[in-house]
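Everything below concerns the one structure shown next.
The values are calculated or read from the model by the stated rules, or taken from the named source; none is laboratory data. Because the structure is a prediction, the values reported are computed rather than measured. Here Cβ is always computed from backbone atoms with ideal geometry, including for glycine, and neighbour counts include all displayed protein chains. We work out accessible area using only protein heavy atoms, side chains counted, and drop any ligands, DNA or RNA first. Shrake-Rupley method; radii C 1.70, N 1.55, O 1.52, S 1.80 Å.
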Amino acid sequence: MKTFNILLTLFIFYGCGGNVSSIDSALESQTLLFGNGSEPQGLDPHIVTGVPEHHLLISLCEGLTIANPKGGENLPGVAESWEISEDGKTYTFFLNQNAKWSNGDLVTAQDFVWSWMRILTPSLGSQYPDMLYYLKGAEDFHQGKTSDFSHVGVSAINDHELRVELKNPTPFFIRLLSHYSTYPVHKETILKYGTIDDRNGQWTRPGNFVCNGPMSLKTWELNKQIIVEKNPLYWDADRVKLNEIRYFPVSNESTEDRMFRAGQLHVTNVVPLEKCPIYIENENPNLRIEPYMGTYFYRINTLHPILKNKDIRLALAFAINRKQIVEKVSKCGQAAAYSFTPPGSAGYEPDTDVPYDPELARSLLADSGYENGDGFPVLEILFNTSEGHRKIALAIQQMWQENLGISVELVNQDWKVYLAREMTGDFQISRAGWIGDYEDPNTFLDTLRPNRGNNKTGWENEEYDQLLELANSTNEQSLRYQYLMEAERLLISEMPIIPIYTYVRQYQLSDDVKGWHPNLLDTHHPKFIYLER
Amino acid sequence: MLQVILKRIAIAIPVILIVASLTFFLVRMAPGGPFDAEKVVPPQVMKNLNAVYNLDAPLIIQYRDYMLNLVQGDFGPSFRYPGRSVTEMIFTGLPVTFELAFYAIIVAMIIGSLAGVIAAVKRNTLLDYVPMTIAMIGICMPTFLLGPLLVLYFGIYLEALPVSGWDSLPGDKILPSITLGAAYAAYIARLSRGGMLETLSEDYIRTARAKGASEASVLWNHVFRNSLLPLITITAGIIPGLLVGSVVVESIFSIDGMGRLVVDSVMVRDREVVLSITLIISILTLISF
C-alpha cells in the first residue's frame, strides 16, 4: 500500500506544478486570456492567412494604418498622416518619427518598400499578394513579367516619407493598409535567418522575432499557448494598458466554452452551435452577438445544363424562406440576407431583394418546362461536414420539395475534399461563405468577376465586369457606390449565388474586459483594451 | 535473447517500410491539397508554393525523396506551419502524450486493482457487485462522454480543478489522466478480480491460512502478488491503445500532445506530419507486441 500512496502523492503533486492563472489573477496583472481558435500557421505577416494569425499580428506588428475599433475610417498607425493627390492615385505617407522596431531600430519608409517587395516576390509564395495589386506595376512584378521593382508604385522619398502610386483611384486603399499582408517586416532580421523569399526562416521564433506592434513575442508553445508582452518601445506605449496577452489555440468549441465558464478565458473564439440558442434564452450576460462582414450563401454551378437557366436559379432562390432559416434553424442572431454584400459595409446599403415567393418560384420553374417539378433531375447540395451546414441544407431541401416539388440530395464532404470539388467545378449547388478582408463592398463584389479564382460559379457577365471597372476608376465615393449598387442588382437578378444569411460574430466576453467595441471586421486592437472590474 | 531481438527487428523493418509506403500513397491520393483554402490563391501563387515544397515533381520522385529522407531520420517540413520541421513538431507532442499515457496507466492500475481486490475478497456481496457494475459502465462509457462529465462536475460545479491544459495550471493533469485511464481501470478491475479469485482457490493459500498467517498477510503477500502477473502482461498491450485513445482526450482537454496534432494535420492535409505520426504509432505497436 505504501508504494501506492507514494505514487498517488507524486501524481497529485506533480500535477500541481506550474503557474496559477485565471481571470481573477489576470485582472491584477492586466493579462488578457484569449481563446484563439486554432494554432496559428506562423507569425510571418507575408506568409500566413487566417483569423487566429490576424489576432496575433495586430498585437505584434503595425501597418501604415490601424483599424478603427469603433468601425469607420482607419486610424493612424506607423503613418502619422497622409496626403492624397487630386486624382486619388498618389498617396504620400508621413511616418511617425518615433515608430520603432522592437529591437530599437527606427521604422523607415525604406522598410515598407522592402517589405512590399518581399510579399510581391513570386518565389516567396505569399497567398495575399493581391492586396497590393492596386499599386502600379505590382501585379506585373508578382507575375514575373518584370523583375525590376522600381516599376512598382512604391518609393521612399526619405526615411519618413513614403510615396505610393496606384493604378486606379482606390477609395478603400487606406482601409487595406491595416491588413497584415501590408505590414512591414524587419529586413535585417529576416536576412539574418534566411533570404527574402525564405518561407521557413526562423526569424519568427521567440528571441529572434522583431516587429513594430504594441506587444512583443515572449513565448510560443506549439498547440499550447502564445504569450505576448507589452512592447515598451512602441510609439504609443503610454496608451497600452495590457501587460500580457495569452492566446490559447482551443479548436474544440465545447472545451473553449467550458474554459470560459471555469474562468480560464476572458474571451472565446466562438459559441458552440448548440449552446447559442440556450444562452440567448437564458439571457447569458457574457454572450455577444454582433454584426460581421460575412455572407452565408449557396453557390450555383452555372455551367450545369439545368442550372445555366437563370429562371431556374431564381426559382430556387425565391423558394427559400430565409427568415425561417435564421429564426428556426441557425438560431443565433443571424440576419436574413437579400444581397451578397452585407448591409452597412462602409455606409453601403444595398437595396436588392430576394423575396420568399413560392408562387412566383413555381411559375418560373413551370416556364422553364418543369411544371410542379415534373421531370426535374435530382440535384446535389454539397457542403463540408458540419452539423450547422447540414441543418440548413435539410431545411432548404424541404423548402424546395414543398414549394417547387423537386428533390435534392445532401452530400457532405471533408473540408479539403469539398474545396477540391468546388475548385474543379465538380458540384451543382454548394454551401459557401465569404468574409470581407476590408470594409468595402469591393471585397465581395470583386470575387464574382469573370477571371477571379474565387468565383467558382462559372458565371461570367461582361456588364457586371464593366460596372466594377467603372467603380474602380472613379474617385467619387457616391458615384462609385452607385456603380457597385448597380452591379449588385445585376448579380441578384442573375442569381449565380443565393444569399442565405449575413453572418454574426458569436462569442463570450468577460465583464472585466473594457475598451472592446463591436465592429464589422471584428478587429480589436490591443492598445485600446484593458481589464477592470 | 539476442537472437529473438534481432529476429523481431528483422521482421519490423519491412513492416515499417510497407506502412511508410502505403501511408505515403494513401495520403497523396486523398483529394485536396495542403494549400487549398476557401479563398482560392492565384494559379501563379499555387505554382510557386508547389515548387517550394517539391510538390511539382512526379509522384515517384517525391516518394523516392521521402523514403531517402526518412532513412536518414528526416521527416521533412510541415506544409501547414512554415518554418517548423515535422521532427520538431512530433518531439514537442510526443513527450506530452507519453506523460498522459503514463499517468493514465497509473490511474488504471491503482483504481482497477483496488476495485478488483475488494470485489474478489468480498465476493458475491455488495462490495463485489457495485465495483464490478461500475467497471462494466466504465468499459462501455466512451471518453468523449466521461471527459466532459468530469469537467462539468469537478471543474465547473465544484471549481476544484482546471478544465483544460497540461502543465499550465495546478492540477490540470488530473482530469485528463482519469478520463483516459478510466476505461482501462475497469478492464484491469475485472482482470484482477479474476486473477485474485483464481489464486484464492490455490492450495498454498489454504496452507498459508492453516499455518496461522493473518488474513491481511495472506491477501497481500500471497494472493495479490501472484494475481498481479496477468496485469503486467496486459499493460504492455494497452500502451498503443492509450496513445490512440489520447487523441480524444487531448482534444477534450486542449492538450498539446501528438493525438491532437494528428487530428489537426489530417484536417489540413499536412501530409508529412500525418505520415510521420502513423509511422511512429506503427513502430510503438511493433515494440509493444
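List of remarks:
- Here the simple spin-label model places points 7 Å from the Cα toward Cβ, and for residue A:328 and residue A:412 these points are separated by 2.1 nm.
- Its Cα centre serving as origin, region B:2-87 has a Cβ charge dipole (Lys and Arg +1, Asp and Glu -1) of approximately 220 debye.
- Surrounding net charge for residue B:28, when Lys and Arg each add one and Asp and Glu each subtract one, Cβ distance under 15 Å: -1
- Signed unit charges on C-beta, dipole axis of region B:2-87, positive-most listed residue B:60, B:49, B:71: B:71
- For residue A:503, the amide hydrogen comes within under 5 Å of the amide hydrogens of A:294, A:295, A:296, counting only partners 5 or more places away or on other chains and with H modelled in the peptide plane.
- Total formal charge among the other residues, if their Cβ is under 12 angstrom from that of residue A:467, Lys/Arg +1 and Asp/Glu -1: -4
- Of A:348, A:503, the order by accessible heavy-atom surface (1.4 Å probe, DNA, RNA and ligands excluded), from most exposed downward, is A:503, A:348.
- Cα centroids of region A:222-295 and region A:46-70: 16 Å apart.
- Using θ = phi - 60° and Karplus 6.51 cos²θ - 1.76 cosθ + 1.60, couplings along region B:179-195 (whole Hz; Gly, Pro as x): 4, 6, x, 4, 4, 6, 4, 4, 4, 5, 4, 5, 5, 6, 4, x, x
- Where a label projected 7 Å from the Cα of residue A:157 along Cα→Cβ would reach, residues of region A:94-115 with amide N under 11 Å: A:94-95
- Dipole in debye (nearest 20) - the protein assembly as shown, about Cα centre, beta carbon charges: Lys, Arg +1; Asp, Glu -1: 3460
- Candidate cross-link partners of residue A:218 among the aspartates and glutamates, defined by an alpha-carbon separation under 14 Å and a same-chain spacing of 8 or more, comprise A:229, A:244.
- Environment charge of residue B:51, counting only residues whose C-beta is closer than 12 Å and scoring Lys/Arg +1, Asp/Glu -1: 0
- 3J(HN,Hα) from dihedral phi, region A:475-482, Karplus parametrisation 6.51/-1.76/1.60, rounded to Hz, x for glycine, proline: 9, 8, 4, 5, 5, 4, 5, 4
- Note on the protein assembly as shown: with neighbouring protein chains present and a 1.4 Å probe, carbon and sulfur make up 57 percent of its accessible heavy-atom surface.
- Here the sum of -39500 (n - 2.57) over DSSP H runs of 4 or more residues, divided by the residues of chain B, equals -23000 deg cm²/dmol at 222 nm, to the nearest 500.
- Region A:396-490, accessible area per residue, ligands and nucleic acids excluded (1.4 Å, Å²): 39
- In this structure the amide hydrogen of residue A:413, modeled in the peptide plane, comes within under 5 Å of the amide hydrogens of A:383, A:384, A:385, none closer than 5 places in sequence on its chain.
- Straight-distance crosslink candidates among aspartates and glutamates, where the alpha carbon sits under 19 Å from residue A:275 and sequence neighbours closer than 8 are dropped: A:253, A:256, A:257, A:283, A:290, A:327, A:387
- Computed [θ] at 222 nm, deg cm²/dmol, chain A (DSSP H ≥ 4; -39,500 (n - 2.57); rounded to nearest 500): -8500 deg cm²/dmol
- Estimated vicinal HN-Hα couplings, Hz - region B:35-45 in sequence order (Karplus 6.51, -1.76, 1.60; Gly, Pro = x): 9, 6, 8, 4, 8, 5, 8, x, x, 4, 5
- Computed magnitude of the charge dipole of region A:356-496 (debye, nearest 20; Cβ of K, R +1, Cβ of D, E -1): 500
- Cα-Cα over 18 Å, subset of A:416/A:456; A:187/A:241; A:224/A:416; A:145/A:167; A:391/A:416: A:187/A:241; A:224/A:416; A:391/A:416
- Most mobile listed residue (B:181, B:245, B:171) in chain B, GNM with C-alpha springs under 10 Å: B:171
- Taking only alpha carbon atoms, region B:2-87 gives an Rg to Rh ratio of 1.09, where Rh is the Kirkwood radius.
- Other-chain or far-sequence residues with amide H under 5 Å of residue B:84's (modelled H): B:78
- Set of aspartates and glutamates near residue A:192 by C-alpha distance (under 20 Å), chain-local residues within fewer than 8 positions excluded: A:44, A:105, A:111
- Dipole of region B:93-261, positive direction: furthest Cα of B:204, B:241, B:137, with charges on the beta-carbon: B:204
- Label-to-label distance, nm, for residues given as residue A:238 and residue B:29 (7 Å Cα→Cβ offset): 6.7
- Computed over chain B with a Gaussian network model linking Cα atoms closer than 10 Å, the most mobile of B:113, B:177, B:214 is B:214.
- Here is the interface size for B with A: some 5500 Å² of accessible area buried, both sides summed, with a 1.4 Å probe.
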